[in-house]
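Okay, so here's the structure we're looking at.
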Amino acid sequence: FIGPSAFGFPSNKNSKYIFKNLECQPCSKDGRGACHNKIYKNCLIQIKPTEVIEEIKKISNMGLL
């Protein structure tokens, strides 16, 4: 898991990403800058475990795991 840095999305075709489109993105060049949101790292907190599980299920069904 990585946060929304300015490097953009993974370029590997097998990489998967889940993100929330927030005004603060990208937060910094490489994600090491301080988070200035009222809710610290809200971009990652908003991604729920169920969303991750659903993505894993999709990958599993495609035979990629």
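Each value in this text was obtained by applying a stated rule to the coordinates, not by laboratory testing. None of these values were measured; they are calculated from a predicted model. Here Cβ is always computed from backbone atoms with ideal geometry, including for glycine, and neighbour counts include all displayed protein chains.
Using the beta-carbon distance between SER60 and ASN14 and R0 = 22 Å, what value does 1/(1 + (r/R0)^6) give for FRET efficiency, to the nearest 0.05? Spell out each step's value before the answer.
Numbers: r = 13 Å, r/R0 = 0.59.
Calculated value: 0.95.
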Grab the Cα-Cα distance for ASN21 and ILE45, subtract it from 0.36 nm times how many residues apart they are, and report the gain in nm with one decimal. 7.4 nm
Filter on LYS16/LYS41; LYS13/LYS38; LYS16/LYS38 - keep pairs with C-alpha separation over 25 Å: LYS13/LYS38; LYS16/LYS38
